[in-house]
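Beneath this line is the structure, given in structure tokens, with notes to follow.
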Amino acid sequence: MTERKKAVFNWSGGKDSALALQKTLQENKFEVVALLTTINYASQTSSIHSIPLKLLSKQADRIGIPLYTVPLSKNTKTYEKGMTEAVKHFKKQGVTHFIFGDIFLADVKSYRESKLNALGIEVVEPLWGKTSEEIYAEFLKSGIKTKIIVTQADKLDQTFIGKELDKDFPQLLPDGIDLCGENGEYHTFSYDGELFKTKIDFEITKVSKITYDFKMDSGEMKSFDYWQAEIQPTNPL
């Protein structure tokens, strides 16, 4: 039997991440030593998805793989610096690969490869090269249960918060919205299915409209509005 290579899985807590991790574990080519998630230091929630650390910890516990967080502060630590420190930490453990759940955004994949390859880490993308329709079909077959917790406000309105990603969901999407939300239209929280030992019970306690400022490739700052759910576990155990 070929010895499995050690890898870190970059965990967002959402559907693509869950599907990519489930495929990775089923194929059994890698020993996944940790789930790596970037955390907003001030809010103690995950970047973009805004999943509270308590729920990220529950996901990791139910999956059975340790959670490794990279805290990011707007003033003291950038994403690149945090990931570089994480790579150094895991290379000491013999890790050679970082696994992601990207689908088709070539610039994102190229960015990951350019930064991580330079540090001696190979990038693995289990979902890469398939269409969003193919990935969504795989997601439905996987049995993973997921709900929407963030939407880009100008793409999907507040009514999409809390919606289950099921066989009927594609019919609800307006024209021009990627089925998997790969262009950032929506983000999700995965809470049940074969990947997890038991279901994670959670509730949406509030929905707010949040504005984020992003620096574009041109150097211009641009603001985007999002509908964002505040979620919390309903079972403390």
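When residue 176 is evaluated against the numbered criteria (1) on the phi > 0 side of the Ramachandran plot; (2) under 17 Å from the mean Cα position of the chain (by Cα), which criterion, by number, is the only one it fails?
(2)
Name the residue that is surrounded by the most Cβ atoms within 10 Å (Cβ to Cβ), counting only residues in the range 58-73 that are closer than 17 Å to residue 21 by Cβ and either within 14 Å of the chain's Cα centre (by Cα) or of a type in the set (A, V, I, L, M, F, W, C) (or both).
Of everything passing the filter in the range 58-73, 59 is surrounded by the most Cβ atoms within 10 Å (Cβ to Cβ).
State yes or no: is residue 141 within 15 Å of the chain's Cα centre (by Cα) and without any contact (Cβ under 8 Å) to a residue 60 or more places away in the chain?
no
Identify all residues within the range 5-24 that are surrounded by fewer than 17 Cβ atoms within 10 Å (Cβ to Cβ) and either among the β-branched types (Val, Ile, Thr) or assigned to a helix (DSSP H, G or I) (or both); write none if there are none.
23
Can you work out which of the residues in the range 156-212 that are touching a Gly at 6+ places or on another chain (Cβ under 7 Å) and among the charged types (D, E, K, R) is nearest to residue 63 (Cα to Cα)?
197
Search the range 26-40 for residues being surrounded by 17 or more Cβ atoms within 10 Å (Cβ to Cβ) and of a type outside the set (Val, Ile, Thr), and hand back the single one that is farthest from the chain's Cα centre (by Cα).
30
Read the figures in this text as sums done on the coordinates, not as results from a lab. In this text the structure is predicted, and so the values were computed from the model without any measurement. Methodologically, a virtual Cβ is constructed for each residue, glycine included, from the backbone with ideal geometry; neighbour enumeration extends over all protein chains shown.
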